[in-house]
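Asks: Structure in structure tokens, see below.
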Amino acid sequence: MSVPARVRKRVEWLRREIDRHNYQYYVLDDPLIPDSEYDRLMRELQQLEQRYPELIVPESPTQRVGAEPLEGFEEVVHRIPMLSLENAFSDEEVAEFDRRVRERLGIDGAVDYAAEPKLDGLAISLRYEDGVLVQGATRGDGTRGEDVTRNVRTIPSVPLHLLGEGWPRILEVRGEVYMPRSGFEALNREALRKGEKTFANPRNAAAGSLRQLDPRITAQRPLAMFCYGFGELSDGDLADTYSDSIRRLIPWGLRVSPELRVVEGVAGCHAYFQRMAERRDALDYDIDGVVFKVNSLERQQRLGFVSRAPRWAVARKFPAQEEMTRLLAIDIQVGRTGAITPVARLEPVRVAGVTVTNATLHNEEEIRRKDIRIGDWVIVRRAGDVIPQIVRVVPDRRPKNARVFHMPKHCPVCGSELIRDGDGIILRCSGGLFCPAQRREAIRHFASRRAMDIEGLGEKLVDQLVEKGLVHSPADLYDLDQQTLAGLERMGEKSAANLIRALEQSKHTTLARFLFALGIREVGEATALALANHFGDFDAIRNADEEALMEVPDVGPVVAEHIVTFFRQPHNREVIERLLAAGIHWDPVPRAPARRSPVAGRTIVLTGTLSRPRSEIKEQLQALGARVAGSVSKKTDYVVAGADAGSKLARARELGVTVLDEAGLERLLEGEE
């Protein structure tokens, strides 16, 4: 059937509109409409093309999704060769390049250079005829490449039809296809989730994606492109300079680097290189250097070419971020919170200008996933100030005596058992009260306001006590004397006396606070309170088995295992006995009321200034089985409002939640509904 004129007109409008929004989104990074509106336009175009297949053309936005798989790529002969660049690895080599340029041009003054980042991706040539993309080809050997047109069509930042006007009848642009770091990380996360092989780095991911025989796979990969040069041109002119010429591509729908600058002389080149080196890690794409090009196209023509490289351009390379070396051993480090991290000991190698001897291996799962073995040859990566890490092994160079690594079962520092976090990936030392690696963190937590509330024992003082060997565990705090404390930096007799007084006052606490202060993995304030209320006795808690512990609300099998393991460690038991011997005590835990409390199972929010500390009221409510929340929602049962209550009170009234003053709260606690 014939296509109505109004349908043709609508299809043409939809294509122009979608192309315009692609340009705003991918080139200018300034979307004009929400994604939902864009999707609506695309769906309408797809439906019209499905109804009238004769309207489908290769340059339609709907054709980006990819066609059927290819059996192989056809060869493309570049009409104008895609040349390589001369490399410079030092400021002196850039200065020598500048000297040769000025000498050949016969000028004494400074030369203007166009400077832009050297992307670490895959070089591509795009050919447009009458504004329509007709071919995409890889660089190959510079003379012959591979036809990847169907894959290039799937890249959102590559226009299938040039926008605007004034473009040459034949326009061949060169550039780099790359994968943004954010997209690369998301791609690898999804591969891990599916149990598939991950990519080593964004460059490999981009190259592998673009050379897929199935364009539908390429369409699913987050690829992008920047343009940085020209090939064949017909029936059209360039500007007088490279920088002005390349910027002409922007209104036509093509992307150029936003970092493009024109700099003056060798000093300008050095300054630009330094600036990009500093900004390198902040970019969302990998670069391995910067490129300097004589900006005047007339001067470029006069300088000409040598062998396979132009005389008018040079690539100033950054120090390599990846090198190969041998993994000598794997050691275990214990972090301040007890986290166990395997660390690779490497044969020294220079990476990014720094000698690297160690690299993080993250965790046991990472070692298994990458199949890292002791004795392997490995690729080490260091980006900026990021801790060096092993990217992958080199299987072809694996020695016969390479050994599989097994994680230890006990802490290499204190000998306590290792336990797994809830996700099962991270191992932690269970000797929190004693382990030297966790000493500072254990003491800070023990003294914190929500735990033993030792006023005056701040972070810097804890650091001094540990560094001078005065405190090895929380129990040592109660052996300190005023004279010793007064001799510490930024302390005096008065401060020392105040701390001794605070230590003495902290001895009278609650069972729940003491449990929380011990720093048992995954035992927070609420769980500690639930344990205290359920058992009522410390000995009952530390001697309970996992089955008994799981009878407590909020205690599951993982938390129960952590509690049992903690109290099983001899060093932890030793510190606890010393704490109790120092005089730490608490009032008997009140037995549960004979009848169910009216706040049991209710959600309560506290707001405004109350006559008692909010923490005290919170503990009292939790002891009666209430849940104390930090924000008001439809699930809130009561809001207790003191003086100067603000947005939470307003929200409660808006939702119709019952609001109580302190008198109302007291009546509630006494059992009145």
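The values are calculated or read from the model by the stated rules, or taken from the named source; none is laboratory data. Bear in mind the structure is a predicted one, so any value in this text is a computation, not a measurement. Note that we place each Cβ from the backbone using ideal geometry, even for glycine, and neighbour counts take in every protein chain shown.
Asks: Do you know which residues across the stretch 551-577 are surrounded by fewer than 17 Cβ atoms within 10 Å (Cβ to Cβ) and more than 21 Å from residue 418 (Cα to Cα)?
Replies: Hits for the stretch 551-577 are 551, 553, 554, 577.
Asks: Out of all the residues in the stretch 600-624, which are more than 20 Å from residue 652 (Cβ to Cβ) and touching a Lys or Arg at 6+ places or on another chain (Cβ under 8 Å)?
Replies: Of everything in the stretch 600-624, just one residue is more than 20 Å from residue 652 (Cβ to Cβ) and touching a Lys or Arg at 6+ places or on another chain (Cβ under 8 Å), namely 615.
Asks: Sort out which residues of the stretch 161-177 are in contact with a Ser or Thr (Cβ under 7 Å, 6 or more places away or on another chain), part of a loop (DSSP other than H, G, I, E, B) and within 25 Å of residue 56 (Cβ to Cβ), and write them in order of number.
Replies: From the stretch 161-177, those in contact with a Ser or Thr (Cβ under 7 Å, 6 or more places away or on another chain) are 168-170, 172, 174; that's our starting set.
Next cut, part of a loop (DSSP other than H, G, I, E, B) only: 168-169.
Once the filter is applied, which keeps residues that are in contact with a Ser or Thr (Cβ under 7 Å, 6 or more places away or on another chain), part of a loop (DSSP other than H, G, I, E, B) and within 25 Å of residue 56 (Cβ to Cβ), the stretch 161-177 yields only 169.
Asks: Further question: Restricting the stretch 384-432 to residues that are part of a loop (DSSP other than H, G, I, E, B), among the β-branched types (Val, Ile, Thr) and under 24 Å from residue 348 (Cβ atoms), which is modelled with the highest pLDDT? So that I can check it myself, show each step before the final result.
Replies: Filtering the stretch 384-432 for residues part of a loop (DSSP other than H, G, I, E, B) gives 384-388, 394, 398-402, 405-409, 411-416, 421-426, 430-432.
If we keep only those that are among the β-branched types (Val, Ile, Thr) as well, we get 386-387, 394, 413, 425-426.
If we keep only those that are under 24 Å from residue 348 (Cβ atoms) too, we end up with 386-387, 394.
Working: 386: 60, 387: 73, 394: 87.
It comes out as 394.
Asks: Can you find a residue in the stretch 29-43 that is at pLDDT 80 or above, under 33 Å from the mean Cα position of the chain (by Cα), surrounded by 12 or more Cβ atoms within 10 Å (Cβ to Cβ) and not assigned by TED's automatic domain parsing to the domain that holds residue 158?
Replies: Taking the stretch 29-43 first, the residues at pLDDT 80 or above are 41.
Add one more test, that the residue is under 33 Å from the mean Cα position of the chain (by Cα), and what stays is none.
No, every residue in the stretch 29-43 fails to be at pLDDT 80 or above, under 33 Å from the mean Cα position of the chain (by Cα), surrounded by 12 or more Cβ atoms within 10 Å (Cβ to Cβ) and not assigned by TED's automatic domain parsing to the domain that holds residue 158.
Asks: Just to check your reading of the model, which residue among 350, 439 is buried (at least 16 other Cβ atoms within 10 Å of the Cβ), of a type in the set (Lys, Arg) and either outside any loop (DSSP other than H, G, I, E, B) or in contact (Cβ under 8 Å) with a residue 40 or more places away in the chain (or both)? Lay out the reasoning, then the answer.
Replies: Working: 350 fails: buried (at least 16 other Cβ atoms within 10 Å of the Cβ).
Just one listed residue meets the conditions, 439.
Asks: Still on this structure: Residue by residue through the stretch 108-161, note down the ones that are of a type in the set (Lys, Arg) and closer than 17 Å to residue 230 by Cα.
Replies: Residues satisfying the conditions are 118, 127, 139, 144.
Asks: Which residues, counting only those in the stretch 163-186, are of a type in the set (A, V, I, L, M, F, W, C) and surrounded by fewer than 19 Cβ atoms within 10 Å (Cβ to Cβ)?
Replies: We begin by selecting, within the stretch 163-186, every residue of a type in the set (A, V, I, L, M, F, W, C); these are 163, 167, 170-171, 173, 177, 179, 184, 186.
Answer for the stretch 163-186, where residues must be of a type in the set (A, V, I, L, M, F, W, C) and surrounded by fewer than 19 Cβ atoms within 10 Å (Cβ to Cβ): 163, 170, 186.
Asks: Which members of the stretch 219-259 meet the condition of being among the basic types (Lys, Arg) and either under 28 Å from residue 77 (Cβ atoms) or crowded, with 16+ Cβ neighbours inside 10 Å (or both)?
Replies: First, the residues of the stretch 219-259 that are among the basic types (Lys, Arg): 221, 247-248, 255.
Passing the criteria: 221, 248, 255.
Asks: Give me the pairs, please: first residue somewhere in the stretch 544-560 and assigned by TED's automatic domain parsing to the domain that holds residue 516, second residue anywhere and of a type in the set (Val, Ile, Thr) and in a loop (DSSP other than H, G, I, E, B), beta-carbon distance under 7 Å, and either six or more positions apart or on two chains.
Replies: That search, which allows pairs on different chains as well, returns 549/555; 559/523.
Asks: Shifting gears a bit: Say whether the condition of being surrounded by fewer than 16 Cβ atoms within 10 Å (Cβ to Cβ), among the polar types (S, T, N, Q) and in a strand (DSSP E or B) is met by at least one residue in the stretch 316-327.
Replies: Looking for residues that are surrounded by fewer than 16 Cβ atoms within 10 Å (Cβ to Cβ), among the polar types (S, T, N, Q) and in a strand (DSSP E or B), one finds none in the stretch 316-327, hence no.
Asks: Return yes or no: is residue 285 under 26 Å from the mean Cα position of the chain (by Cα), surrounded by 14 or more Cβ atoms within 10 Å (Cβ to Cβ) and under 19 Å from residue 118 (Cα atoms)?
Replies: Considered against the rule, which asks whether it is under 26 Å from the mean Cα position of the chain (by Cα), surrounded by 14 or more Cβ atoms within 10 Å (Cβ to Cβ) and under 19 Å from residue 118 (Cα atoms), residue 285 comes out as yes.
Asks: Just to be sure I understand, how many residues within the stretch 524-575 are in a helix (DSSP H, G or I), charged (D, E, K, R) and farther than 19 Å from residue 410 by Cα?
Replies: Looking only at the stretch 524-575, we keep the residues that are in a helix (DSSP H, G or I), and these are 525-535, 538-542, 546-549, 557-568, 570-575.
Pick out the ones that are also charged (D, E, K, R) and you get 525, 539, 542, 546-547, 561, 568, 573-574.
Okay, now just the ones that are also farther than 19 Å from residue 410 by Cα, so 525, 539, 542, 546-547.
Counting residues in the stretch 524-575 that are in a helix (DSSP H, G or I), charged (D, E, K, R) and farther than 19 Å from residue 410 by Cα gives 5.
Asks: Suppose we filter the stretch 634-651 for residues that are surrounded by fewer than 17 Cβ atoms within 10 Å (Cβ to Cβ) and more than 38 Å from the chain's Cα centre (by Cα); how many remain? Quick ask: steps written out before the conclusion?
Replies: The first filter runs over the stretch 634-651 and keeps only residues surrounded by fewer than 17 Cβ atoms within 10 Å (Cβ to Cβ), leaving 634-635, 637, 643-644, 646-647, 650.
From what is left, the residues that are more than 38 Å from the chain's Cα centre (by Cα) are 637, 643-644.
Residues that pass the stated criteria total 3.
Asks: Another question, if that's okay. Out of curiosity, is residue 512 under 35 Å from the mean Cα position of the chain (by Cα), crowded, with 21+ Cβ neighbours inside 10 Å, modelled with pLDDT under 95 and in the same structural domain as residue 556 (by TED's automatic domain parsing)? Steps first, please.
Replies: Working: under 35 Å from the mean Cα position of the chain (by Cα): no; crowded, with 21+ Cβ neighbours inside 10 Å: yes; modelled with pLDDT under 95: yes; in the same structural domain as residue 556 (by TED's automatic domain parsing): yes.
Judged against the criteria, residue 512 is not a match.
Asks: Return the residue satisfying two criteria in turn: it lies in the stretch 462-509 and is of a type in the set (Val, Ile, Thr) and in a helix (DSSP H, G or I), and of such residues it is surrounded by the fewest Cβ atoms within 10 Å (Cβ to Cβ).
Replies: Filtering the stretch 462-509 for residues of a type in the set (Val, Ile, Thr) gives 462, 466, 471, 484, 500, 509.
Now restrict to residues that are in a helix (DSSP H, G or I): 462, 466, 484, 500.
On the way: 462: 20, 466: 17, 484: 14, 500: 17.
It comes out as 484.
Asks: Kindly list, by first and then second residue, each pair from a residue in the stretch 642-654 that is in contact (Cβ under 8 Å) with a residue 60 or more places away in the chain to a residue that is among the aliphatic types (A, V, I, L, M) and in a helix (DSSP H, G or I), limited to pairs with Cβ atoms under 9 Å and residues at least 6 apart or on different chains.
Replies: none
Asks: All but one of (1) buried (at least 22 other Cβ atoms within 10 Å of the Cβ); (2) under 25 Å from residue 586 (Cα atoms); (3) of a type outside the set (D, E, K, R) hold for residue 448, so report the exception by its number.
Replies: Just one mismatch for residue 448, condition (1).
Asks: Within the stretch 120-140, is even one residue among the hydrophobic types (A, V, I, L, M, F, W, C), part of a loop (DSSP other than H, G, I, E, B) and touching a residue at least 60 places away in the same chain (Cβ under 8 Å)?
Replies: no
Asks: Taking only pairs six or more apart or across chains, which ones have beta-carbon atoms under 6 Å, a first residue in the stretch 194-210 that is closer than 21 Å to residue 395 by Cα, and a second residue that is among the small types (Gly, Ala, Ser) and assigned to a helix (DSSP H, G or I)?
Replies: 198/191; 199/205
Asks: So residue 631 clears everything in (1) without any contact (Cβ under 8 Å) to a residue 40 or more places away in the chain; (2) over 40 Å from the mean Cα position of the chain (by Cα) except one condition, right? Which one?
Replies: Going through (1) without any contact (Cβ under 8 Å) to a residue 40 or more places away in the chain; (2) over 40 Å from the mean Cα position of the chain (by Cα) one by one, residue 631 breaks only (2).
Asks: Continuing with this model, one more query. Taking residue 302 and the conditions (1) surrounded by 19 or more Cβ atoms within 10 Å (Cβ to Cβ); (2) more than 30 Å from residue 410 (Cα to Cα); (3) at pLDDT 90 or above, which numbered condition does it fall short on, given that it satisfies the others?
Replies: (1)
Asks: Checking the structure you have, find out if any residue of the stretch 73-82 is under 30 Å from residue 13 (Cα atoms), in a loop (DSSP other than H, G, I, E, B) and at pLDDT below 85.
Replies: The initial filter retains those residues of the stretch 73-82 that are under 30 Å from residue 13 (Cα atoms), namely none.
No - not one qualifying residue is present in the stretch 73-82.
Asks: Going through 322, 298 one at a time, which residue ends up being acidic (Asp, Glu) and within 37 Å of the chain's Cα centre (by Cα)?
Replies: On the way: 298 fails: within 37 Å of the chain's Cα centre (by Cα).
The unique qualifying residue is 322.
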